[in-house]
């Protein structure tokens, strides 16, 4: 049993109260310009509905001939790959001579509730691929899919292998029924009985609120993400640079678009509840997604401490693709660390760039 005197407890509480006041004052003094995101210069080159395709301005003269299209997840904003100048996957790839495009899924509106997976995969992603092919007068492009965007990229590539020269998947789920994924368990994976009814949610809400999705992710690590990180803020609040970094991350975390209802329900049902990707029974607009059609080179990247997409889920990709040129690389961080870890940013971009150049 702890033996803390009332005097010590009072002193500690007063000290923390002072820290909180100092932290609030320090954060209030930070200029909005200091927490701007997306420092790399880019241009909107194609648009369809609320989806925009950006091309980043090259930073070196010697650029790889085949461009790389980045497809991010729907649930968060894609500027995580270009968060700030010294922690930017995009900027590092540009410096290594990669011609980078990024698809921004935007913010679905209420009348987008009927958008389906076909609209995202064959429609928007497919439209972006076709634009890049035409703009560069090439037959195939390189595709990098991240998290859910990795699942979309696998599906697109399996359905249209003639359009993809090299496929890169990053922290992307493959087997949605691995037992070490808490998110999987929440969806009742492996039981066939979901803990939530996706169709009922969409019937009631239309689009699924981004705040609902974000709350679920935070509850995967409630103490660490809901309390511990804010206590840690007290120790760095007087460091202007670290405080700006903290606010920049908070801005990204809580910038969660709503999810188009029909597409969200279908994704939850086919992938999480029924685990169809590894069964080879995913259907997009009536066409079956067969991962064996992925016969081009594949680079599969995962985070060793990922609590959202367990490595055991990602690593199963090797078993289902039809290529003999399969490379796997892991990094000693969590899901978010793949974008913001300084150490990883020193090794991840060269891994991608060198792999692509070897297959140019």
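Points worth noting:
- For region 291-314, the set of residues classified as touching a residue at least 24 places away in the same chain (Cβ under 8 Å) and out of contact with any helix residue (DSSP H, G or I) (no Cβ under 9 Å at 6 or more places or on another chain) consists of 312 only.
- Test for residue 124: is it in contact with a helix residue (DSSP H, G or I) (Cβ under 6 Å, 6 or more places away or on another chain) and modelled with pLDDT of 95 or more: no
- Which numbered condition residue 111 misses (of (1) in contact (Cβ under 8 Å) with a residue 24 or more places away in the chain; (2) over 18 Å from residue 290 (Cα atoms); (3) not in a loop (DSSP other than H, G, I, E, B)): (1)
- Residue list for region 125-135, restricted to those being closer than 10 Å to residue 46 by Cβ and crowded, with 23+ Cβ neighbours inside 10 Å: 128, 132
- Filter result for residue 69 (out of contact with any strand residue (DSSP E or B) (no Cβ under 9 Å at 6 or more places or on another chain), surrounded by 19 or more Cβ atoms within 10 Å (Cβ to Cβ) and at pLDDT 95 or above): no
- Only listed residue being at pLDDT 95 or above, touching a helix residue (DSSP H, G or I) at 6+ places or on another chain (Cβ under 9 Å) and either in a helix (DSSP H, G or I) or at positive phi (or both), chosen from 80, 154: 154
- Filtering region 265-290 to residues that are out of contact with any helix residue (DSSP H, G or I) (no Cβ under 8 Å at 6 or more places or on another chain) and either part of a strand (DSSP E or B) or crowded, with 17+ Cβ neighbours inside 10 Å (or both) leaves 274, 275, 288.
- Yes/no for residue 330 being farther than 26 Å from residue 160 by Cα, touching a strand residue (DSSP E or B) at 6+ places or on another chain (Cβ under 9 Å) and not in a loop (DSSP other than H, G, I, E, B): yes
- Count of residues meeting criterion [loosely packed, with under 15 Cβ neighbours inside 10 Å and part of a loop (DSSP other than H, G, I, E, B)] in region 302-321: 2
- Qualifying residue in region 215-238 (condition: modelled with pLDDT of 70 or more, surrounded by fewer than 18 Cβ atoms within 10 Å (Cβ to Cβ) and in a helix (DSSP H, G or I)): no
The values are calculated or read from the model by the stated rules, or taken from the named source; none is laboratory data. For clarity, every value in this text was computed on a predicted model and none was experimentally measured. Glycine gets a Cβ as well: all are built from the backbone with ideal geometry, and neighbour counts include every protein chain shown.
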